[in-house]
Amino acid sequence: MASRAVALIPALLALIVVALTLGSAAVTAVWGGGGGLGPADWAALRFTLLQAALSAAVSALLAVPLARALVRRRFAGRGLLLRLMAAPFLLPVVVAVLGLLAVFGRSGPVNSLLAVLGLPALSVFGLHGVVLAHVFLNLPLVTRMLVHGWQAIPAERFRLAQALGMGPGPQFRHLELPMLRATLPGAAALVFLLCLTSFAVALTLGGGPKASTVELAIYQALRFDFLPGKAATLAAVQFALCATVTLAAMRLARVEGFGAGLGREVEMPAPGGWRRGVDALMIVLAAGFLLAPLLAVVWRGAPGLVALPSSVGWAAARSLVVAVLSAVLAAVAALVLVQARVAGRRWAELAAMLPLAASGLVMGTGLFLLVQPVAPVERLALPVTMLVNATLALPYLFRLLLPEALRLEADYVRLAESLSLRGAARLRLLVLPRLARPLGFGTGLAAALSMGDLGVIALFAGERGVTLPLLVQRLTGAYRMEAAASAALLLVGLSFALFWLFDRWGARHAAA
Amino acid sequence: MLRLEHLDLRQDDFRLQADLTVPVGARVAVIGPSGAGKSTLLMAVAGFFAPVAGRVLWDGQDLAGRAPGDRPLSILFQDQNLFPHLTLAQNLGLGLRADLRLDAGQRARVEEALQRVGLAGMGARKPAQLSGGQVGRAALARALLRERPLLLLDEPFAALGPALKAEMLDLVAELADGATVLMVTHDPADARRFADQTILVADGIAHAPWPTAQLFADPPPALRAYLGT
C-alpha cells in the first residue's frame with residue numbers, strides 16, 4: 001500500500017542520518033585503532049569545554065535584553081537590524097575572523113582607542129579571541145531565537161497583562177519568563193554545542209598548547225602528523241562529549257503550553273524611563289559590535305570586486321548549487337522528521353539531533369577513508385559536501401520547526417481531523433502555511449551555512465573544482481590579499497542573498 | 001438516531017457512563033457541573049475520545065474505527081474553529097473539499113452559506129479581522145456546507161454576551177433544518193431557549209434525554225444541586 005510506503009520514509013531518512021553520523025565515526029575508529037590521551041589532549045579537552053561554556057553564557061546573557069529591546073521598540077532601521085541579526089551567524093567563519101581581526105586586532109580601532117586612553121592592549125588570540133569570535137557569531141542567533149519566542153507569545157496575553165494593570169516586572173514574570181525558560185536553555189545549549197565543534201575559529205584565533213581544541217587536535221593529527229589512530233581516539237572523545245551535551249540539551253528544551261493567539265502582530269508594551277535608555281544602549285552597542293567587522297570586510301574587499309578572476313565566478317556557481325541543494329534537502333528531511341516526531345515517534349527527534357553530536361570534520365574524515373579506496377575523492381567533492389552540509393543543517397531546522405509544529409498539533413489538529421484535512425492537503429493548507437516562518441528562516445540558514453562552509457570540501461577538493469570559501473582560503477594562503485578580500489565579499493553577498501530570499505519567502509507566506 | 005450503548009468513558013480518576021438514545025431531529029442540551037464530562041461525552045461521539053467499553057451508533061451503525069472527519073457529524077469546539085491563516089471563504093471551503101480544489105459551483109455555495117449566516121461579502125477576510133460572533137457564524141456556515149445529519153456544539157458561544165448568544169442559538173435552530181443537535185452548555189437559559197430535550201450529566205452518569213421544560217419544572221436532586229435551588 002502507498003500509505004505504508006510513505007510511513008516508511010521517516011524511518012529510512014533516520015537510518016541515512018544515523019549512517020552518516022555514527023557510521024562515519026565508526027569508520028574512523030576502526031581505521032585508526034586506539035591509543036590513550038596524552039597531557040596535550042587533556043588540555044585540549046579542558047580548553048574546548050571552557051571556551052564553549054564561556055561563549056554560551058555570554059551569548060545567552062546578552063541576548064535576553066537585546067531581543068527584548070528589539071521586540072518592544074520601534075525605530076528606523078529596526079527591520080534591517082533584525083535581518084542583520086542573522087548576518088554574523090551566516091558569515092563564513094573565515095570572513096568573520098578577517099573582520100574581527102580588522103576591528104579588534106593589534107592595529108585595529110579598538111586597540112588604538114585603548115592605547116589613547118592609556119589602557120593595555122586587548123589580544124584577539126587565545127581564549128579571549130575564541131570567545132569573542134564565538135559571541136560575535138552566536139549572539140545574533142540566540143537573539144533571533146528569542147525574538148521568535150517573543151513573537152510566539154499571543155498578543156492577547158500582552159493585552160490581558162495590560163488589562164490586569166501589570167507593570168514591566170510582573171509582565172516579565174508571568175509572560176516572558178515562561179517563554180525564556182522554554183527557549184533560553186535550549187538556545188544556550190545549542191551555542192555550547194556549536195562552540196564545541198567550531199573548527200575554523202580555533203584554527204585561526206586559537207592554536208598552540210594553551211588554546212587548542214579537540215577538533216583542532218584531530219585536524220593536526222590527520223593532516224600534519226598522519227596519525228589516523230590518534231585522530232580516531234580524539235574523534236571518539238569529541239563524539240562522546242557532543243553526544244552527552246546533546247542529550248542534556250534535549251532535556252532543557254521544553255515547549256510551553258501557550259494557547260493559540262489569532263496570529264496578530266506582537267504588541268508588546270514599550271515602557272519609558274530608564275528602561276528606554278537601557279534598550280537604546282543595548283541596540284546601539286549590539287549594532288556596532290555586529291556591524292563594524294562586516295564594514296571592515298566591505299572596506300577592504302570592495303575595490304577589487306570589479307576585477308575578479310573567472311575562477312571566482314565558477315567557484316561561486318559551484319557553491320551556489322551545493323548550497324541550494326543541501327538546504328532544500330535538509331528542509332525536506334527536517335519537515336518529514338518533525339512530522340514523525342509530532343506523531344509521537346521520539347526516535348525521529350533523536351535522529352534529527354544526532355548530527356549535532358557529529359562534526360563535519362569527523363564525518364568528512366570517515367567518508368574520505370571510505371571513498372578513497374574505490375574512487376578518486378576529487379570527483380565526489382561536491383556531492384559529499386552537499387550531503388554533509390545537509391546533515392549538519394538538519395538539527396537547526398528541526399529545532400526551529402519543532403516548537404511551532406507541536407503548537408500546531410495542540411491547537412489545530414482536532415479541527416483538521418474533524419474536517420478530514422489529511423495527507424497532502426493538510427501539508428499544503430495547514431502545515432506549510434503555519435510553519436512557513438521558521439521553515440524559511442531555517443532553510444535560509446542552511447543555505448548560507450553551506451555556502452560559507454569550509455570543512456569537508458578542504459579534505460576532498462583537488463586543484464580544480466573548488467568552492468568559493470576554499471578559493472578564498474587558497475588566495476589568502478597565496479598572499480593574494482586583495483583578491484581574497486574581494487572574493488570573500490562576493491561570498492558574503494551570495495550567502496546573505498540566499499538567506500534573505502528563503503527567509504523572505506517564509507515571512508511572506510506566514511503573513512499571508 | 002444517535003444511540004450511546006453502555007458507553008463507558010474513563011481517564012485517570014474520571015469516569016462517565018452513558019446508555020441513551022437521541023431521536024432524529026431532536027435539539028438536545030447537555031447540561032451539568034463543570035468537570036462532569038459534558039465535553040468528554042461530545043468528544044467520544046465525535047471520535048476524539050475512545051471509550052473503554054460500549055458503542056456509539058448512528059442509525060444502527062457502529063461509529064467505532066471511523067475517523068472524526070468521516071463520521072456523520074460536524075462539531076464546533078469551544079475555540080479554534082477556524083484556521084487563522086486561511087480566509088473565511090477558504091475556512092468554509094474546507095467543509096466541501098478538504099484539499100480546497102473547489103469548482104465554480106462550490107465557490108458559489110460558499111458565498112451562499114456566508115450570506116445565510118449574515119457574512120455576505122466577507123469571504124476574503126481572515127479570522128483575526130472578525131468579532132467573536134462573526135467567528136461563530138463562520139463556523140456554523142461551514143457546518144451548514146458539510147450537510148451532516150448530526151451537529152455537536154461544545155459551548156462555541158460561551159464567550160459571547162447573552163443577546164449575541166441567544167441570536168446565535170436562534171441561528172443554529174434556523175439552520176439545523178432537521179439535523180440532530182447536541183449542545184453542551186452550563187447555562188440553563190440556553191437549554192430552555194434552544195433545546196426541547198436535555199441530557200443531565202452528573203455524578204459519572206449521562207442521563208437519558210428528558211423534556212427540558214419538565215426537567216426544570218421538577219429538577220431531580222443532581223440538577224437541583226447544580227442549579228443551587
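Where a number appears in this text, it was derived from the coordinates with a stated rule and is not lab data. Just so you know, these numbers come straight off a predicted model, no measurement behind them. Cβ: placed from backbone, ideal geometry, glycine included. Neighbour counts: every protein chain shown.
Okay, here's what the table says:
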read-out	value
For the range A:308-512, alpha-carbon Rg and Dmax in angstrom	19.2, 66
Alpha carbon centroid spacing (whole Å) that separates the range A:332-377 from the range A:106-159	31 Å
Partner chain coverage, peptide B:90-97 - average Cβ within 10 angstrom	2
Nonlocal amide H pairs with A:Arg480, under 5 Å, H built at 1.01 Å	none
Positive-end residue of A:Ala487, A:Thr246, A:Ala497, charge dipole of the protein assembly as shown with Cβ unit charges	A:Ala487
Simple Cβ-charge dipole of the range A:308-512, Lys/Arg +1 and Asp/Glu -1, about Cα centre, in debye nearest 20	480 debye
Whole-Hz ³J(HN,Hα) from phi, Karplus 6.51 cos²θ - 1.76 cosθ + 1.60, for the range A:323-333, glycine and proline x	5, 5, 5, 5, 5, 5, 4, 5, 5, 4, 4
Positive-end residue, the range A:27-301 charge dipole about Cα centroid, Cβ charges, pick of A:Pro170, A:Ala40, A:His148	A:Pro170
Dipole magnitude of chain B about its Cα centre (Cβ charges: Lys, Arg +1; Asp, Glu -1), debye to nearest 20	540 debye
Relative counts (whole %) of C-alpha pair distances in the range B:83-147, using bins that are 10 Å wide	25, 62, 13
Highest-first arrangement of A:298-309, A:430-441, where packing means the average Cβ count within 10 Å	A:430-441, A:298-309
Footprinting exposure proxy for A:Leu490, A:Leu369 (fewest neighbouring C-beta atoms within 10 Å first)	A:Leu369, A:Leu490
Sorted largest first, extent of the range B:19-119 alpha carbons per principal axis (Å)	44, 30, 27
Percentage relative contact order, chain A, counting C-alpha pairs under 8 Å, at least six apart	23 percent
Within 10 Å of each Cβ in B:55-63, the average number of Cβ atoms from other chains	0
Values of log10 I(q)/I(0), in the order q = 0.12 Å⁻¹, for chain B under a Debye, Cα-only, solvent-free model	-0.65
Principal axis dimensions, chain A - Cα atoms, whole angstrom, descending	73, 66, 49
Stretch gain in nm, segment A:Leu432-A:Lys210, where the contour uses 0.36 nm per residue and the Cα spacing is subtracted	75.1 nm
Angle in degrees between helix B:104-116 and the longest Cα principal axis of chain B, rounded to the nearest 10	60 degrees
Charge dipole magnitude, Cβ of K and R +1, D and E -1 - chain A, Cα centre, debye nearest 20	1020 debye
Phi-based couplings in Hz for the range A:389-406 (Karplus 6.51, -1.76, 1.60; Gly and Pro marked x)	5, 4, 5, 5, 7, 3, x, 4, 4, 4, 4, 6, 7, 4, x, 5, 5, 5
Relative contact order [Cα under 8 Å, 6+ residues apart], the range A:267-410, whole percent	32 percent
Cα gyration tensor category, rounded, prolate or oblate, for the range A:27-301 with a/c compared to 1.5	oblate
Ellipticity estimate at 222 nm from DSSP helix runs (n ≥ 4, -39,500 (n - 2.57)) divided over chain A, nearest 500	-25000 deg cm²/dmol
Distance between the range A:191-254 and the range B:151-229 - C-alpha centres, whole angstrom	66 Å
Cα gyration tensor, the range A:17-173 - rounded (a/c under 1.5), prolate or oblate	oblate
Note, ³J(HN,Hα) from phi for the range B:5-10, Karplus 6.51, -1.76, 1.60, rounded to Hz, x at Gly and Pro	9, 6, 5, 10, 10, 9
Sequence-separation-based contact order of the range A:27-301, relative, with Cα cut under 8 Å and 6+ spacing, percent	36 percent
Candidate lysines - alpha carbon under 25 Å from B:Lys38, same-chain residues fewer than 8 apart omitted	B:Lys165
Shielding by partners - mean other protein chain Cβ count within 10 Å, residues of B:70-83	3
